[in-house]
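K.L.:
I'd like to ask you about the structure that follows.
The values are calculated or read from the model by the stated rules, or taken from the named source; none is laboratory data. Computed from a predicted model, the values in this text were never measured in an experiment. Quick reminder, even Gly has a Cβ in these numbers, built from the backbone with ideal geometry, and neighbours come from all protein chains shown.
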C-alpha cells in the first residue's frame, strides 16, 4: 500500500470539499422529479405533521435522504413511494421531539392563513377532524384519497401488511366521517 | 354518525373532504426551488464527505501528540540526572567567556533560522 503523508491527507480533504459528490440522481433528473412531486409531498407532510414549519424542514430532509439512498429504483412510482416512506419516518421521528405547548388539533386547524372564502369553515372542520385522528390514520387517508395510492403502495410507505390496509382504511374512514358529521 | 350512512356514502364524504383539503394544500405549498434544494444537497454531501475524511486524521493527530508527549516525558525522565550534571557544570563556567558565547550564539541563530524556514515552507503548502 502506498504511504499517505499528512500533506496528501490534507489534499484529499480539500478535494472532498470541492469535488462532485456521489448522489443517487443527476441534477436534471432530480430537478424534474422534485418539480413533479414536491407540492404533493409538502401537502402530505403538512397534513400529517400538522405543522407548516415542520413540513418545510422535513421536505428538504426527505429529498436529501432520497439522494443519498443507495437504492436502485425500478420505476418513478417506486422512487415516489420510497420518498413518501422517508417522509413518513421523518414525521414519526419529529413527533418524538419536544412538543409545542398547544394541542395538535389546534395546530391542524390553524395550518392555513385565514381567508374570506365561503368554504373556509368547512375546510377548518376537515382540518380539525384530521387533527383529532392518529397520525397513521391521517397518513392512510391522505395516501388513499389525495394521492390515489393502492393498498400495496400504502402498505409499502407505512410499513404495514397489505392485507391489513383495507380494514385500517375502513376504520379511519368511519372515524373521519363521524367527526365531520358531529361538526 | 347518521346510521343511514352506507359504506359507499361514508367513502364519498371522506373522499370529497380529503380531495378538497389536498387541493387547498397544493395551493398553499411553496416548496423551495429545485435548484436550491439540489445546491443544498450538494453542499451537505460535500461537508459530510469532508468530515468523513477528516475523522481518521484527527485520530492520527491525537495519537501522534500522545506518543510525542510520552516520548518527551520518558527522555526527560531518563536524562534528568545528566541534565542536572550539565546545569551544575554551567554554574561553574564563566558564561561571558567567548569560547562559550560563540557556540551558544551560533546554536541560537541556527534554531531561529530553522524555525523561520520551516514556517515559510509550511505556509506555502
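K.L.:
If only one of A:62, A:32 is in contact (Cβ under 8 Å) with a residue 24 or more places away in the chain and either more than 8 Å from chain B (Cβ to nearest Cβ) or more than 10 Å from the chain's Cα centre (by Cα) (or both), which one is it? Please lay out each step first, then the result.
P.N.:
Numbers: A:32 fails: in contact (Cβ under 8 Å) with a residue 24 or more places away in the chain.
Exactly one residue qualifies, and that residue is A:62.
K.L.:
Could you tell me whether any residue of region A:159-173 is at the interface with another protein chain (Cβ under 10 Å from one of its Cβ atoms), at pLDDT below 90 and either closer than 21 Å to residue A:40 by Cα or touching a helix residue (DSSP H, G or I) at 6+ places or on another chain (Cβ under 6 Å) (or both)? Please lay out each step first, then the result.
P.N.:
To start, the set of residues in region A:159-173 that are at the interface with another protein chain (Cβ under 10 Å from one of its Cβ atoms) comprises A:169-170, A:172-173.
In the following step, the residues that additionally are at pLDDT below 90 were identified as none.
The answer is no; no qualifying residue exists.
K.L.:
Then there's this: Please go through region A:42-54 and give me each residue that is over 16 Å from residue A:136 (Cα atoms) and touching a helix residue (DSSP H, G or I) at 6+ places or on another chain (Cβ under 7 Å), ordered by number.
P.N.:
A:42, A:52, A:54
Condition check ((1) closer than 30 Å to residue A:28 by Cβ; (2) surrounded by 10 or more Cβ atoms within 10 Å (Cβ to Cβ); (3) modelled with pLDDT of 80 or more) across all residues:
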residue	(1), (2), (3)
B:35	yes, yes, yes
B:57	no, yes, no
B:74	no, yes, yes
B:95	no, no, no
B:112	no, yes, yes
B:119	no, yes, yes
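K.L.:
Right, here's the next one. Got a sec? Which of B:22, B:52, B:41, B:35 is under 28 Å from the mean Cα position of the chain (by Cα), closer than 30 Å to residue A:52 by Cβ, facing chain A (nearest Cβ under 8 Å) and in a helix (DSSP H, G or I)?
P.N.:
B:41 is the lone residue from the list that is under 28 Å from the mean Cα position of the chain (by Cα), closer than 30 Å to residue A:52 by Cβ, facing chain A (nearest Cβ under 8 Å) and in a helix (DSSP H, G or I).
K.L.:
In region A:1-109, which helices (runs of 4 or more DSSP H) lie fully inside it and hold 2 or more residues that are surrounded by fewer than 18 Cβ atoms within 10 Å (Cβ to Cβ) and at pLDDT below 85?
P.N.:
A:6-18, A:76-96, A:104-109
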